[in-house]
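Structure first, then comments.
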């Protein structure tokens, strides 16, 4: 009898071990990483037969500009993005090592891929119960003169912090808020940030006397919130 039971238990163990691997839905899943002063990453993960078959990685600077890997001068970043793609494909997972020399970027890729795979998982151990990812995300909005960059922090679908900055598109430099020619704008920016945090939402009134700037700040915050949305 023992000769029958032991192999049978071994088979059950092996089946159980295999079934513990994540089962992914077929399709293409996109996600953004959290953002910091240096920017963020975006990925598109394509899955077929529960295997990652393709992955696209984009990276954006702290000014909200797309990073062109074909012309980017820092070679560890250029090499790192390709190595990280290969690691994700090989492991069929976001649980991979960072690339030495491009650790900061690698962590963003891992964060974005992890989010994409969570959305793709058939029966996650921890079901997603919010409409937005927790964390800090970057958004932008611009007119012919400036690009607004917004960092929006979200927790349990509520905005808990927000910060606006502006890039002068002629000089490609951030504005000096302490020496603005138009003195009302620093006050307006601070007030808008406080309103959003108080409401936990971007559904707030614009600042009287700085309506156009307020509208652009809110558009940038809306873009950041959109990047945090769980599809």
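Readers should treat all values here as calculations from the given coordinates under stated rules, not as data from a laboratory. Predicted model only: the values in this text are computed from it and were never measured. Here the Cβ positions follow ideal geometry from the backbone for every residue, glycine too, while neighbour counts run over all protein chains shown.
The translational diffusion coefficient of the chain, from Stokes-Einstein at 4 °C and 1.567 mPa s with a Kirkwood hydrodynamic radius over alpha carbon pairs, comes to 65 µm²/s. Springs join every pair of Cα atoms under 10 Å in this Gaussian network model of the chain, and among 207, 99, 175 the largest mean-square fluctuation is at 175. Looking at the chain, the DSSP beta bridges with both ends there are about 100 percent antiparallel.
Convert 20 °C to kelvin, take the viscosity as 1.002 mPa s, use the Kirkwood radius over C-alpha pairs of the stretch 107-231 as Rh, and evaluate the Stokes-Einstein diffusion coefficient in µm²/s, rounded to a whole number. Before the final figure, lay out each step's value.
Values: Rh = 15.7 Å.
Result for D is 137 µm²/s.
How would 89, 184 line up from fewest to most surrounding beta-carbon atoms within 10 angstrom?
184, 89
Computed over the chain, the per-residue total of -39500 (n - 2.57) for DSSP H runs of n ≥ 4 gives a 222 nm mean residue ellipticity of -12500 deg cm²/dmol, rounded to 500.
Report, in degrees rounded to the nearest 10, the 0 to 90 angle that the Cα long axis of helix 103-120 makes with the longest principal axis of the chain. Computed tilt is about 70 degrees. Kirkwood analysis of the Cα pair distances in the stretch 36-126 returns a hydrodynamic radius of 13.6 Å.
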